[in-house]
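The values are calculated or read from the model by the stated rules, or taken from the named source; none is laboratory data. For clarity, every value in this text was computed on a predicted model and none was experimentally measured. Cβ sites come from the backbone with ideal geometry, for glycine too, and all protein chains shown count toward neighbours. Quick note on the areas: whole protein, heavy atoms, side chains included, nothing else; ligands and nucleic acids left out. Shrake-Rupley method; radii C 1.70, N 1.55, O 1.52, S 1.80 Å.
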Amino acid sequence: MLIRQLLMERYAPLYQLSDRTKVLYGHTLDRFDEFLGRPGTLNDLDDVVVSQFLAHRLTDPKRPVRRTTVLKDRVQLLAIANYAAKKRLIPEFLTLKPMRAAGRLPQAYLPDDVHRLLDVCRQLPGLEAGLPRAWWWSTHLGVFVETAGRIGEIKVLCWRHVDRERQVVLYEAESRKGKTRDIERGISSGLADLLEQHRGAPDAPVWPWVLGNEMRYHRLRQLCKKAGVTYRGFHAFRKTAASVVAAQG
């Protein structure tokens with residue numbers, strides 16, 4: 001049985017993996033298949049084979065990657081192998097050398113970066129998914145910075161989650177990492193007023209998106225380039241928000 005088949009037919013449905021998580025598992029299996037020179041099977045979930053793969057990933061000059069990426073590969077292959085061992089689809093659990101990610105300083109957008117990005121957003125012409133692009137991106141990035149939300153939480157926000165009177169947004173448990181509880185985050189009156197300009201139906205998404213997920217990141221890269229800001233992805237806004245909170249005591 002192919003590892004990818006086990007992932008999609010049994011492991012992903014059982015553990016309710018999100019579409020994004022399935023994509024990340026798929027990247028790991030792509031690299032494992034390349035290492036093997038063929039599609040990986042359950043027989044390849046072996047201590048030695050997986051250890052050789054991880055060592056190769058750490059030292060491959062043709063495809064250099066961060067240690068954190070290899071750690072992600074290790075965690076995901078180990079999770080699939082443990083499931084397969086529990087179901088007796090492979091003879092034993094994997095025993096792999098412990099591995100830790102290198103500690104890195106968090107990378108965030110500086111306050112000045114955010115101001116420049118928002119200035120660029122406010123001047124954007126045209127439409128994004130039928131809404132003024134200037135409004136779409138100004139409010140989208142504004143919510144990232146003011147609430148420290150994750151991309152998975154923010155992109156699924158509906159209008160019923162935005163309370164203008166109380167100036168809060170609600171992130172429901174189902175959209176959050178861990179999926180354990182709802183959480184509310186406050187927003188400024190200025191952002192709340194700006195959001196209200198294009199309020200839609202309660203269950204309508206605040207920021208509808210008709211393009212693929214990668215295009216969302218591509219758009220942000222374009223904005224960063226136009227603003228003269230180093231692109232750091234969406235998650236860096238979360239770290240920016242944390243820095244602002246820490247600076248304010």
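Checking each residue in region 11-68 for being touching a Gly at 6+ places or on another chain (Cβ under 8 Å) and open to solvent by 70 Å² or more (accessible area, probe 1.4 Å) picks out only 20. Could you please let me know if residue 135 is in contact with a strand residue (DSSP E or B) (Cβ under 9 Å, 6 or more places away or on another chain) and modelled with pLDDT of 95 or more? Considered against the rule, which asks whether it is in contact with a strand residue (DSSP E or B) (Cβ under 9 Å, 6 or more places away or on another chain) and modelled with pLDDT of 95 or more, residue 135 comes out as yes. Against the list (1) open to solvent by less than 60 Å² (accessible area, probe 1.4 Å); (2) in contact with a helix residue (DSSP H, G or I) (Cβ under 8 Å, 6 or more places away or on another chain); (3) within 20 Å of residue 185 (Cα to Cα); (4) of a type in the set (A, V, I, L, M), the condition residue 96 fails is (3). Does residue 194 meet the test of being outside any loop (DSSP other than H, G, I, E, B), aliphatic (A, V, I, L, M) and open to solvent by 40 Å² or more (accessible area, probe 1.4 Å)? Against the criterion (outside any loop (DSSP other than H, G, I, E, B), aliphatic (A, V, I, L, M) and open to solvent by 40 Å² or more (accessible area, probe 1.4 Å)), residue 194 qualifies. In the set (1) open to solvent by 50 Å² or more (accessible area, probe 1.4 Å); (2) within 29 Å of residue 10 (Cβ to Cβ); (3) modelled with pLDDT under 95; (4) within 22 Å of the chain's Cα centre (by Cα), the condition left unmet by residue 101 is number (1). Looking for something open to solvent by 40 Å² or more (accessible area, probe 1.4 Å), farther than 21 Å from residue 20 by Cβ and part of a helix (DSSP H, G or I) - is there at least one such residue anywhere in region 162-175? Scanning region 162-175, I find no residue that is open to solvent by 40 Å² or more (accessible area, probe 1.4 Å), farther than 21 Å from residue 20 by Cβ and part of a helix (DSSP H, G or I), so the answer is no. The one condition from (1) farther than 19 Å from residue 145 by Cα; (2) not in a loop (DSSP other than H, G, I, E, B) that residue 211 does not meet is (2). When residue 78 is tested against (1) open to solvent by 90 Å² or more (accessible area, probe 1.4 Å); (2) more than 18 Å from the chain's Cα centre (by Cα), exactly one condition is not met: (1). Against the test of being modelled with pLDDT under 95, within 22 Å of the chain's Cα centre (by Cα) and either farther than 21 Å from residue 233 by Cα or loosely packed, with under 12 Cβ neighbours inside 10 Å (or both), the options 200, 212 yield a single qualifying residue, 212.
Can you confirm whether region 154-161 contains a residue that is farther than 24 Å from residue 109 by Cα, free of Cβ contacts under 8 Å to residues at least 24 places away in the same chain and of a type outside the set (Asp, Glu)? Taking every residue of region 154-161 in turn, none turns out to be farther than 24 Å from residue 109 by Cα, free of Cβ contacts under 8 Å to residues at least 24 places away in the same chain and of a type outside the set (Asp, Glu). When you look at residue 172, is it more than 16 Å from the chain's Cα centre (by Cα) and over 19 Å from residue 209 (Cα atoms), yes or no? Against the criterion (more than 16 Å from the chain's Cα centre (by Cα) and over 19 Å from residue 209 (Cα atoms)), residue 172 qualifies. Residue 133 - would you say it is of a type in the set (Lys, Arg) and open to solvent by less than 80 Å² (accessible area, probe 1.4 Å)? Answer is yes for this residue.
Go through the residues of region 195-210 one by one and say whether even a single one is touching a Cys at 6+ places or on another chain (Cβ under 7 Å) and hydrophobic (A, V, I, L, M, F, W, C). Within region 195-210 (the criterion being touching a Cys at 6+ places or on another chain (Cβ under 7 Å) and hydrophobic (A, V, I, L, M, F, W, C)), the answer is yes, since at least one residue qualifies.
Rundown of residues vs (1) surrounded by 13 or more Cβ atoms within 10 Å (Cβ to Cβ); (2) closer than 15 Å to residue 224 by Cβ; (3) hydrophobic (A, V, I, L, M, F, W, C), yes/no style:
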| position | (1), (2), (3) |
| --- | --- |
| 107 | no, yes, no |
| 121 | yes, yes, yes |
| 124 | yes, yes, yes |
| 137 | yes, yes, yes |
| 189 | no, no, no |
